[in-house]
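For reference, the structure is listed below as structure tokens.
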Number of protein chains: 2
Amino acid sequence: MTWYGFAGKLLRVNLTNGEFKVEELDRNELRKYMGCVGYAAKVLYQEMPGGIDPLAPEAKVVLATGPVTGTLCPSGGSYEVCYKSPLTGTWNQARSGGSFGPKLKYSGFDFVVIEGKAAEPVYIYIHNGQVEIKSAKHLWGLNIEETTDALIRELDDPEVSVAAIGQAGENGVLYAALINDRGRAAGRGGIGAVFGSKNLKAVVVNGRGGIKVARPKEFASAIEKAEQWLRNYPFASIPTLGTIGLVSLLNSLGMLPTKNFQTAHFGGADRISGEYLNRKYQIKRRACYSCTFACGRYTSVSSGKFATPPMEGPEYETVDMLGAICGVDDLEAVIKANYLCNVYGLDTISTGMSIGFAMECYEKGLLTDKETEGMVLRWGDGEVMVKLVERIAQKEGIGAFLAQGVKRMAEHLGPAAEEIAVHVKGLEVPAHEPRSESKVLAIQYAVSPRGACHMHPNWASTWDFGQLDCGMKEFGLPWPPAAPQDESLQKGVVYRYITLQGEISEILGACIFYSWGTEGSCITPQLYAEIVSALTGWDVTAAELMLAAERSWNLKRCFNAREGFTRKDDRLPKRFSQAIPDGPSAGAKVVGLDAMLDGYYEAMGWDKSTGLPTPEKLRELDLEFAIKL
Amino acid sequence: MTWYGFAGKLLRVNLTNGEFKVEELDRNELRKYMGCVGYAAKVLYQEMPGGIDPLAPEAKVVLATGPVTGTLCPSGGSYEVCYKSPLTGTWNQARSGGSFGPKLKYSGFDFVVIEGKAAEPVYIYIHNGQVEIKSAKHLWGLNIEETTDALIRELDDPEVSVAAIGQAGENGVLYAALINDRGRAAGRGGIGAVFGSKNLKAVVVNGRGGIKVARPKEFASAIEKAEQWLRNYPFASIPTLGTIGLVSLLNSLGMLPTKNFQTAHFGGADRISGEYLNRKYQIKRRACYSCTFACGRYTSVSSGKFATPPMEGPEYETVDMLGAICGVDDLEAVIKANYLCNVYGLDTISTGMSIGFAMECYEKGLLTDKETEGMVLRWGDGEVMVKLVERIAQKEGIGAFLAQGVKRMAEHLGPAAEEIAVHVKGLEVPAHEPRSESKVLAIQYAVSPRGACHMHPNWASTWDFGQLDCGMKEFGLPWPPAAPQDESLQKGVVYRYITLQGEISEILGACIFYSWGTEGSCITPQLYAEIVSALTGWDVTAAELMLAAERSWNLKRCFNAREGFTRKDDRLPKRFSQAIPDGPSAGAKVVGLDAMLDGYYEAMGWDKSTGLPTPEKLRELDLEFAIKL
């Protein structure tokens, strides 16, 4: 059977016994979920019962690509790592770009399921359909840059894509990341620690097989249309300055999280801005496979105490977290810390928030010089911030305390610390302020399956509420919607739409950036349907994509439900019910979360008391197997 | 004879006797200067002897278009007003965009020379080759918006382009502007006062004649190439955010002039940034005729004390001048002041600098409540700033004092005020800091024919010294040049190149923005040569364009020499030899201006003691008629 748009195979690797097998995918079953996160949700829901320790051998990990991965579709460079997070105990999906996803698919596999635990350090080498589990004893203890270099040398192939963990993952830092292509992070939730727990140092891929396109002419013309539309992309700073271009914009609006979210306006913002980076430290731009935006930036600091070799980043999230969140306005310190996070393998968001939280605890006397080993955790001290990054990765002294993340630190320090702990379900809140202009973000932080998340649901599209419909008009939905302040059911309908419109990117293996806009300026569900239809030969409609997205979203909710998460956990940190004290958005706070949740659950067809999908909803989605919860 | 690329005619209007005549242009003579500013320099040099009062009937004004004006060439929307400035006593050329230039050309005229003085207010109406001098008695006293509305009504043609003066020009404010298309300013040097002195309220144009292209296919492919190259334009914020996008960038580099140039870093920059404007006040973008960048922005403030109807702007210069230069971080106040400048007809740069200077004088006790009519001129007071704009336009009270500009105010206030007066040759310095990263700007302020000027020479291209060659490599010039800090002759060579490369835009009637970049990312002299050759049918080389540019540049120097300007006047304000006190560029100052001037004069073939073109140079340029000076 010829597969179009997919490799058609799933690779299952058992690290305990060193065996692997290749499974043919079922075409109809795949279409039900489309691929990537959608199909991974089905695999993990069905294969990994509730209550498993995320760091135990029984825990499974899915590396997942989607139909657009590796194609000419803009943003064809994505893959996702799906797993249960050791940081939160919830479902987690960590997306990354670069070329790892495309090469995995060219090697013949849409998915890799990793199970068990190796007795000694190993890496998995996948190349043109061949699979080897090889010793990584000589790599253990190396950082990611060194590991990548060593693997390229020993495999004698400069074209391999390496996804590896560094010391942070080996040491079990609960927010350790997996880094591929040297500087692209599957960052959030601690996948690095999961790899470490399995003695898995890296997955290395290469492949030269292509991806077959069912209707090439139609596909080319849909891609051409996408590229035309994207020329009108509303978030122009992303292609021009990279994501860091958001620093100036968000600060001007009072939306730049600062000092552990104490405020949302940072006096030193212009010193950590995209404009400044571009001028002073940028070496070149870098695009993920097939991307027309090229938001990636390579930087280095040429001399001084923060000197670094060239490295990808820092991204916007990183700059806010290791910069403004810690009160640091020295971009060289941020670039150094970004470099260290990338080579040690740390999620820059949780790292920055853990440090910012510790700085506020220190300010308030909840952490003292005794616990900090005499380090003075003063706001804005770039040297201390950089030092802490190193100690976290090594899990030494105060670093071992910070390596647990904000939730566990706060529990240890007691109620006064819990008051100022800014996380949802244990995931540190990223660099987007839910109290000011993007107030609609509040509900999205509350309901995201992985905790406070900047990617799922697709909050950014709601940012321009009233301007960007994200294709909503195509669906005949009421537009423009009620004002963001309006807590009506209509808002629930809009939230539902945006959740699912964003989830389409996740199940197709596309970058979420491409779904921000409106007809003519982004890739709407309708246009994705054209692309996927031409690619796969299935006649997929936008409505079918939305349905598959809804399936994925509901399955992840069911996964979490089985772990004990219900409406009671859809809460926000206390800080967000306190007004922003100063700056352009002074006075703003989150109010009425419960009413918003009511509207959202109702629109989703979820039970309002539990916040969980009803049996009727699951039956409607053809997910009977998930009803037992 | 068929004219390609030009209308082929000059219109001469004498306001004293109400007569006009149409003169055929000489093709060879025109090619020598190419057009626009180049040809206008010849006209004014030859027809307007030295020593004429710029506000006397003998003073002449040239409205000038170039070969690319009105064509498909990107930036085909420019025209220039050339005249002797009442503010500086020097040559002046004030460029503006919109559709006035194209319509003038479509009406059959490349140039309009305005002479004499009408006995009573008039306007000139040019339409499809017809010319009428009509009474403007009913328009005198109206602002520019009202004048434009009234003219469209009475001429019963919504398609006319109106260039008019407001109350500021009528009242003789020395930096009154001419505004066309409601919001596009020929701003600098007081052309509004010159119009006022002639009782000339407006020039109104419309035309439906086309412009013939000699080799259409070749022209289309050169334009296509230009559009391709411009997609890589290095100053990406200009197309995306408009010129105001520079606020964040320049502030982050310590290059944002603040508080009358006391410093170069403004704490309130993010409140007056392009990002903030875009988010809060922008209604739409607006392009000049044929422009692919569309840097213009329409804005309004919907309510409150600074409420305004929709209006074009504010541009970067305006925002810095009426914002940071006055310490004002309230963008609504800036938008209001921009609106008032546009309807009263004021140059926003000189207006802002005059107010900023007055604020510093007030701070230092050089201006007191007695002179200010009790107004407290405190840094950052947006209400006072807006109030002063109104009073300047009306020339009332303290406004009459400010309406003279910084140089005259300082002379009146004495030496302590002259110490802090930031102008060159009487023209207030615009929003670009010559002490910090763009130190090369210093010499350009010093030598520009119209005084401290942000347009001529083409300083911005030197900003990226070492990155952007502006086509210099095409000329076989040494590249990269010596570092900006190096005061060698080589630098003189580079300055000369950049001066002339920028002047090509001026003689072709193109926007200077298009010349910032390098081969593949801007319109280089070589590419302009391709465009002009295909358009006119002349086989023009880049070297010929450079030669014509040099002719223009030298003639303007001769014009000024006749008015008494020599090397001794190529000076900078005292402030620039004082170090910037704080911010990212703390400590920077201008040093070694004399050595830079030596290098520049030598490279230009000018006499080092007088700073004037030598007879040999003028002979080489075929400008014997200018040797007499």
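Applying the Karplus parametrisation 6.51 cos²θ - 1.76 cosθ + 1.60 with θ = phi - 60° to the phi angles of the stretch A:22-31, what ³J(HN,Hα) value in whole Hz is obtained for each residue in order, glycine and proline being reported as x?
Calculated HN-Hα couplings, in order: 9, 10, 6, 7, 8, 4, 5, 5, 5, 4 Hz.
Counting pairwise Cα distances across the stretch B:254-324, what percent come out greater than 19 angstrom?
Details: 1014 of 2485 pairs.
When all Cα pairs of the stretch B:254-324 are counted, 41 percent exceed 19 Å.
Using amide H atoms built 1.01 Å from N in the peptide plane, name the residues 5+ places from residue B:16, or on other chains, whose amide H lies under 5 Å from its own.
Counting only residues 5 or more places away or on other chains, the set is B:117.
Restricting to Cα pairs below 8 Å that are 6+ residues apart, what does the relative contact order work out to for the stretch B:98-201? Please round to a whole percent. Mind showing how you got there, number by number?
Details: 185 pairs, mean separation 28.0, N = 104.
Dividing the mean separation by the residue count of the stretch B:98-201 yields 27 percent.
In chain B, which residue puts its Cβ closest to the axis that turns chain B onto chain A, and how many whole Å away is it?
Of all Cβ atoms in B, the one closest to the rotation axis yields B:248, 2.
If you take all C-alpha pairs in the stretch A:108-192, what percent of them are over 22 Å apart?
Working: 820 of 3570 pairs.
Tail fraction, whole percent: 23.
Provide the per-residue ³J(HN,Hα) series for the stretch A:72-80, in order, calculated from phi with Karplus coefficients 6.51, -1.76, 1.60 and θ = phi - 60°, each as a whole number of Hz, with x at glycine and proline positions.
Per residue, the Karplus-derived 3J(HN,Hα) values read 6, 4, x, 6, x, x, 8, 9, 10 Hz.
Along its three principal axes, how long is the stretch A:237-428 when you only count alpha carbons? Whole Å, largest extent first please.
48, 33, 29
For residue B:286, what residues show an amide H to amide H distance below 5 Å, using hydrogens built from the backbone and excluding near sequence neighbours?
B:296, B:297, B:298
Take the alpha-carbon centre of the stretch B:355-401, take the same for the stretch A:275-312, and report the distance between them in whole Å.
Using only Cα atoms, the two centres lie 46 Å from each other.
If you take the C-alpha gyration tensor of the stretch B:153-287, multiply each eigenvalue by 5 and take the square root, what semi-axes do you get, largest first, in whole Å?
Details: eigenvalues 203, 163, 44 Å².
Each semi-axis is √(5λ); the values are 32, 29, 15 Å.
For the stretch B:288-305, in order, what is each residue's ³J(HN,Hα) by Karplus, 6.51 cos²θ - 1.76 cosθ + 1.60 with θ = phi - 60°, in whole Hz (x at glycine and Pro)?
Along the stretch B:288-305, the couplings run 5, 3, 6, 8, 8, 7, 6, 6, x, 10, 9, 9, 7, 10, 6, 7, x, 5 Hz.
Can you say what percent of the DSSP beta bridges in the stretch B:9-206, counting only those with both residues inside, are antiparallel? Round to 5. If you can, show how the numbers build up before the last one.
Values: 35 of 46 bridges.
Among the beta bridges of the stretch B:9-206, antiparallel pairing accounts for roughly 75 percent.
How many nanometers, to one decimal and shortest first, lie between the label point of residue B:615 and those of its other copies, if labels sit 7 Å from Cα toward Cβ?
Spelled out, the distances from residue B:615's label point are 10.9 nm.
Report, in whole Å, the centroid distance computed from the Cα atoms of the stretch B:2-23 and the stretch B:526-595.
A separation of 30 Å, based on Cα centres.
Starting from the eigenvalues of the Cα gyration tensor, five times each then square-rooted, give me the equivalent ellipsoid semi-axes of the stretch B:518-575, largest first, whole Å. Write down the numbers at each step before the final one.
On the way: eigenvalues 215, 56, 10 Å².
Equivalent ellipsoid semi-axes, largest first: 33, 17, 7 Å.
Within the P(r) computed for the stretch A:439-626, what percentage of the Cα pairs occupies the region above 22 Å?
Values: 8139 of 17578 pairs.
Taking all Cα-Cα pairs of the stretch A:439-626, the fraction more than 22 Å apart is 46 percent.
List the distances, in nm to one decimal, from the label point of residue A:397 to the label points of the same position in every other copy, shortest first, placing each label point 7 Å from Cα along the Cα-to-Cβ direction.
Relative to the other copies, residue A:397 has label-point distances of 6.5 nm.
Rank-order A:376-389, A:176-189, B:242-255 by packing density, defined as the average count of other C-beta atoms within 10 Å over each peptide's residues, highest first.
On the way: A:376-389: 20.1, A:176-189: 29.4, B:242-255: 27.5.
Packing order, densest peptide first, comes out as A:176-189, B:242-255, A:376-389.
Under the rule of at least 5 residues apart or a separate chain, name every residue whose amide H is placed under 5 Å from the amide H of residue B:259.
Residues meeting the amide H criterion: B:325, B:326, B:327.
Which of the three applies to the stretch A:9-206, rounded, prolate or oblate, going by the alpha-carbon gyration tensor with a ≥ b ≥ c and a/c under 1.5 meaning rounded?
Values: a/c = 1.41, a/b = 1.11, b/c = 1.27.
It comes out rounded by the Cα gyration axes.
Antiparallel as a % of all DSSP beta bridges within the protein assembly as shown, to the nearest 5? Don't skip to the answer; put the middle values down first.
Working: 92 of 114 bridges.
Close to 80 percent.
Before I look further, what does the stretch B:9-206 give for accessible area per residue, probe 1.4 Å, in whole square angstrom? Before the final figure, lay out each step's value.
Numbers: 5280 Å² over 198 residues.
Roughly 27 Å² per residue, with all protein chains present.
Hey, if you drop one equal point scatterer on each alpha-carbon of the protein assembly as shown and run the Debye formula without solvent, what base-10 log of I(q)/I(0) do you get at q = 0.04, 0.06, 0.08 Å⁻¹?
-0.25, -0.56, -0.93
Translational diffusion coefficient of the stretch A:40-154 at 10 °C, 1.306 mPa s, Stokes-Einstein with Kirkwood Rh over Cα pairs, in µm²/s as a whole number. Each step should come with its number before you reach the end.
Working: Rh = 15.6 Å.
Taking Rh from Cα pairs, D becomes 102 µm²/s.
Based on the alpha-carbon set only, what is the convex hull volume of chain B divided per residue, in Å³? Mind dumping the intermediate values first?
Numbers: hull volume 83.2 nm³, N = 629.
Dividing the Cα hull volume of chain B by its residue count gives 132 Å³.
I need the shape label for the stretch B:542-583. Rule: rounded when a/c is under 1.5, else prolate if a/b > b/c, else oblate, with a, b, c from the alpha carbon gyration tensor.
Values: a/c = 5.97, a/b = 1.74, b/c = 3.43.
Note, shape of the stretch B:542-583 comes out oblate.
Might you report the magnitude of the Cβ-based charge dipole of the stretch A:304-416 about its Cα centre, with Lys and Arg at +1 and Asp and Glu at -1, to the nearest 20 debye?
340
What quantity of accessible surface, computed with a 1.4 Å probe and excluding non-protein components, is buried in total between chains A and B, in Å² to the nearest 100? Present the calculation step by step, with values, prior to reporting the outcome.
Numbers: alone 19910 and 19940 Å², together 38170 Å².
Chains A and B together bury roughly 1700 Å² of accessible area.
Just to confirm the filter: which GluC sites (Glu not before Pro) across the stretch A:75-170 are DSSP coil and have at most 15 other Cβ within 10 angstrom of their Cβ? Walk me through the numbers on the way to the answer.
Details: sites: A:80, A:115, A:132, A:145, A:146, A:154, A:159, A:170; in loops: A:159.
Filter output for the stretch A:75-170: A:159.
If you project the alpha carbons of the stretch A:1-100 onto the principal axes, what extent comes out on each, in Å, largest first?
So the extents along the principal axes, rounded to whole Å, are 38, 27, 26.
Counting only protein heavy atoms, what percent of the accessible surface of chain B is carbon or sulfur at a 1.4 Å probe?
Percent of accessible area from carbon and sulfur atoms in chain B: 49.
Compute, for the protein assembly as shown, the length of the dipole vector about the Cα centre, with Cβ point charges of +1 (Lys, Arg) and -1 (Asp, Glu) only. Units Debye, rounded to 20. Could the numbers behind the result be given before it?
Values: 132 positive and 148 negative charges, 125 e Å.
Rounded to the nearest 20 debye, it is 600 debye.
Between residue A:154 and the same site in the other copies, what are the distances in nm, shortest first, taking label points 7 Å from Cα along the C-beta direction?
Shortest to longest, the spacings are 8.9 nm.
Could you tally up the Lys pairs in the stretch A:439-626 with alpha carbons closer than 26 Å? Skip any pair fewer than 8 positions apart unless they're on separate chains.
Lysine pairs, 8 or more places apart or on different chains, close enough: 26.
The values are calculated or read from the model by the stated rules, or taken from the named source; none is laboratory data. A quick note: this is a predicted structure, and the numbers were derived from the prediction, not measured. Positions of Cβ are backbone-derived with ideal geometry, glycine not excepted, and every protein chain shown enters the neighbour counts. For accessibility, only protein heavy atoms count, side chains too; no ligands or nucleic acids. Shrake-Rupley method; radii C 1.70, N 1.55, O 1.52, S 1.80 Å.
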